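Undergrad: Here's a structure for you.
The values are calculated or read from the model by the stated rules, or taken from the named source; none is laboratory data. Quantities reported herein were computed from a predicted structural model and do not represent experimental measurements. A quick note on method: Cβ atoms are made from the backbone with ideal geometry, for glycine too, and the neighbour counts reach across all protein chains shown.
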């Protein structure tokens, strides 16, 4: 597979929401603590891998949230 050239530096995915969730990932960008603190030291391929992992974490969290919402009863209470 041919390697794609990068013309621009890979920007940090930080959204300014710097709070950790229950699993230790940032609620804004879904990076782990180590990924956030070492971002500037990572090579471009390493940064791309972190971004891929962040997308997976976001989608997993989104699926879990939507699955939890669908478990609520559809019929309103009779009482």
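Undergrad: Check whether at least one residue in the stretch 59-67 is assigned to a loop (DSSP other than H, G, I, E, B), at pLDDT 95 or above and surrounded by 11 or more Cβ atoms within 10 Å (Cβ to Cβ), and report yes or no.
TA: no
Undergrad: Within the stretch 24-35, restricting attention to residues that are part of a helix (DSSP H, G or I) and surrounded by fewer than 18 Cβ atoms within 10 Å (Cβ to Cβ), which residue is farthest from the chain's Cα centre (by Cα)?
TA: Taking the candidates together, the pick is 34.
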